[in-house]
1. Give me the pairs: first residue in the range A:3-21 and open to solvent by 40 Å² or more (accessible area, probe 1.4 Å), second residue modelled with pLDDT under 95, beta-carbon distance under 6 Å, and six or more apart or on different chains, which are they?
2. Among the residues of the range B:301-312, which ones are in contact with a helix residue (DSSP H, G or I) (Cβ under 8 Å, 6 or more places away or on another chain) and surrounded by fewer than 22 Cβ atoms within 10 Å (Cβ to Cβ)?
3. Do the conditions hold for A:Leu301, that is, is it part of a helix (DSSP H, G or I) and not hydroxyl-bearing (Ser, Thr, Tyr)?
4. Can you name the residue in the range A:156-169 that is surrounded by fewer than 21 Cβ atoms within 10 Å (Cβ to Cβ) and free of Cβ contacts under 8 Å to residues at least 60 places away in the same chain and, of all such residues, is farthest from the other protein chains (Cβ to nearest Cβ)?
5. Just checking, does the range A:126-137 include any residue being part of a helix (DSSP H, G or I), more than 10 Å from every other protein chain (Cβ to nearest Cβ) and at pLDDT 95 or above?
6. A:Gly281 versus (1) assigned by TED's automatic domain parsing to the domain that holds A:Ala314; (2) touching a strand residue (DSSP E or B) at 6+ places or on another chain (Cβ under 9 Å); (3) more than 28 Å from A:Gln164 (Cα to Cα): which is the lone unmet condition?
7. Mind listing whichever residues of the range A:189-207 are closer than 17 Å to A:Leu142 by Cα and open to solvent by 10 Å² or more (accessible area, probe 1.4 Å)?
8. Can you tell me which residues in the range A:372-416 are in contact with a Gly (Cβ under 7 Å, 6 or more places away or on another chain) and within 14 Å of chain B (Cβ to nearest Cβ)?
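The values are calculated or read from the model by the stated rules, or taken from the named source; none is laboratory data. For clarity, every value in this text was computed on a predicted model and none was experimentally measured. A quick note on method: Cβ atoms are made from the backbone with ideal geometry, for glycine too, and the neighbour counts reach across all protein chains shown. Just the protein is used for accessible areas: all its heavy atoms, side chains included, with ligands, DNA and RNA removed. Shrake-Rupley method; radii C 1.70, N 1.55, O 1.52, S 1.80 Å.
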There are 2 protein chains.
Amino acid sequence: MPIIFLPQNEIPKHYLNILPRLPFALDPPLDPQTKQPIGPDKLARLFPEELIKQEMSSEPFIAIPEEVRKLYALFRPTPLIRAKRLEEYLKTPAKIYYKYEGFSPTGSHKTNTAIAQAYYNAKEGVKRLVTETGAGQWGSALSFACNLFKLDCQVYMVSSSFEQKPYRRILMEMFNGKVVASPSRQTNFGKKLLKQDPHHPGSLGIAISEALEDMLTDPHSKYALGSVLNHVLLHQTVIGLEAKKQMEIAGDYPDVVIGCHGGGSNFAGIALPFLADKLEGEGKAKNLRTVASEPKACPSLTQGDFRYDFGDTAQMTPLMKMKTLGSDFIPPKLHAGGLRYHGAAPITSALVEHKLTEAVAYDAKETLQTGVLFAQLQGIVPAPESTFAIKAAFDEAERCRKEKSAETILFNLSGHGHFEVRPV
Amino acid sequence: MPIIFLPQNEIPKHYLNILPRLPFALDPPLDPQTKQPIGPDKLARLFPEELIKQEMSSEPFIAIPEEVRKLYALFRPTPLIRAKRLEEYLKTPAKIYYKYEGFSPTGSHKTNTAIAQAYYNAKEGVKRLVTETGAGQWGSALSFACNLFKLDCQVYMVSSSFEQKPYRRILMEMFNGKVVASPSRQTNFGKKLLKQDPHHPGSLGIAISEALEDMLTDPHSKYALGSVLNHVLLHQTVIGLEAKKQMEIAGDYPDVVIGCHGGGSNFAGIALPFLADKLEGEGKAKNLRTVASEPKACPSLTQGDFRYDFGDTAQMTPLMKMKTLGSDFIPPKLHAGGLRYHGAAPITSALVEHKLTEAVAYDAKETLQTGVLFAQLQGIVPAPESTFAIKAAFDEAERCRKEKSAETILFNLSGHGHFEVRPV
């Protein structure tokens, strides 16, 4: 039968840390002043200690606290679904599976790291988290998670999304998040940009700068990021770890693992646990391919340079070695707002650079059409971001049809699009 | 662990028919001209033969066609969830479970009957279905289902909902449904009402009249109803049948079963299979209570008369014996648009009349507040309609706390509210 449920005692007990498994060393983040590797002490103003440890950990697995697992049990394990109607439609000999993260409280994979981050911050006495959000998935996930731990939550939401998506804002407010359109009048950087252009559409890079500026003015606040960083990708590995068990129940193992790619966290979440098999020399993973799918309008992996760059527009973050379009790049408006980021996670950037992961880019219009077809066939309205993964899976399945190759394709359906439907 | 999944081979193979189990006879629908019981031949213009048979069947179980079960497998069995965080919050000794129908393609239980109705119509050569929708859940479910069977679908959507809920309309159009605000200029009845009031907010009764008028002008069309009728309630029993198996896995059996009540289908879906136990004299169901929860603003069960009345405003339907506020009753605007119906299902009306089911009524504002609290605690944003079931479950749990009674409460979370969030 198409849906493979996993009992709740199978919720992973550990996150999988890819760092000690990589066949190369990741270049460390640098202090922008000294250009020297940044120490844990400098990061302590931004993040709680435990997350900084995780960011640099060489442990192969990191235990998931019981309290976090208990909250994961509100929605995990998420279903793994065989897309049989899609296979029939495409007349492909390939098997297509997808992991459905839209079952989570705020409708995307973001809740996995939001709960973990809120937990560690609360445990270390932090009272308030400040963050940015593009499409709103991350902002709503963090609002939900902060509310669980009675933390205040301040969200800088990219202005163009704030206007387009009133439902997302309402959702955040339902979870007691405070939301403001970015650029805002709450920060000096925001005020400066609004002076230049009162209708500034904003960007993720700008919203990060505002969140950082806000956070630095309040000693009880820390900062939270929904993608890019090692510890965020780490938390998302619950997706792939569950999927591995579910594929085992199905009696299959993927030849191709696919995720859409903005900052990199949902792609990493599904792909890293399988890639770990390959790096550890497991026979069944010998020919495994991993594919990251991004928009042509914001093509950091396929067109960006691999170099040190800032994570934000005001150049406040440490320098990170990544595939980047430049920290001053303002991507065009895009329905898939979660993929509008100038850079990419250091881990996924390095994987692409070292040819362990393939990157593909699609036009947003064609992925949206594919998304509508997917909804009609499989009954799930995908997030605009997720349609990039679906399109890549379509293309792999078509290739299999042409090559008469009965491969197994697995993609991550990172979320539903219930809050993002709009007139086409 | 809180979520109880059921493997897909446990999707019910039969619907449970309550009719032969009732300890009283249901009064038959009457022909409005002759006031005599209406025969199957007169109904044949409206519905396919198989559904008319089901409407009057005395079989205790009715087989679910394999093709329908295969499509149910896109989303069924839906999860049964123990609301542990809610129990802790309420400090109640009661156990609270809910069946979550929001996992369905269009986010509510309506898909259960939509797929069955589209299947039987397609099988009998119908080309187009015409229907009405209040809040939009039924219209989107039927659009989805018609698209699966390549039927055209025309939806008359209550005008006030059409304005308030652009996302619902987009969803229907994504599934190739044709949607028009009711009253519309597509029917004579609609034109007449718009002449009286160009800004007429519409009602479910009016939309039914328009759908019927439209359907009668096209010999290849039939009519589909999302609640009220016996065969619709029948299809929804998959909810309760699954819940029974899931409760068995949990080692529990409910003392109270709760559903919100508009036309009656989601309430019946969860309650009838348990009520069948009671009527069959099963010991564990001896003290079972069933509770239907409705809005004070549209209180058909708690305030309506039990008499023959029309199902629509233009008085085109057969006369049905039901709890009714009068077919000319126009309920006030209500966020829970799915509960704005002047009548109630003949089955649930009779159950209340014969004191086999209790009815309670709540103010919409207090149920919405309860819904927000539920979302914060359990991580699911409920449909406005479902908040009436949640509120009734809250009250039962509070009673249990006061009485120190460790009862088991089960309610139906009929859908999510992702398309219905709006500024409070």
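1. none
2. If the condition is that a residue be in contact with a helix residue (DSSP H, G or I) (Cβ under 8 Å, 6 or more places away or on another chain) and surrounded by fewer than 22 Cβ atoms within 10 Å (Cβ to Cβ), then B:Phe306 is the only one that fits.
3. Details: part of a helix (DSSP H, G or I): yes; not hydroxyl-bearing (Ser, Thr, Tyr): yes.
Yes, satisfied.
4. A:Glu163
5. Initially, the range A:126-137 is screened for residues part of a helix (DSSP H, G or I), giving A:137.
Going one step further and asking which of them are more than 10 Å from every other protein chain (Cβ to nearest Cβ), we end up with A:137.
Applying the additional criterion that residues be at pLDDT 95 or above yields A:137.
For the range A:126-137, residues part of a helix (DSSP H, G or I), more than 10 Å from every other protein chain (Cβ to nearest Cβ) and at pLDDT 95 or above: present.
6. In the conditions (1) assigned by TED's automatic domain parsing to the domain that holds A:Ala314; (2) touching a strand residue (DSSP E or B) at 6+ places or on another chain (Cβ under 9 Å); (3) more than 28 Å from A:Gln164 (Cα to Cα), A:Gly281 misses (2) alone.
7. A:Leu204
8. A:Ile380, A:Val381, A:Pro382, A:Ala383, A:Pro384, A:Thr387, A:Leu413, A:Gly415, A:His416
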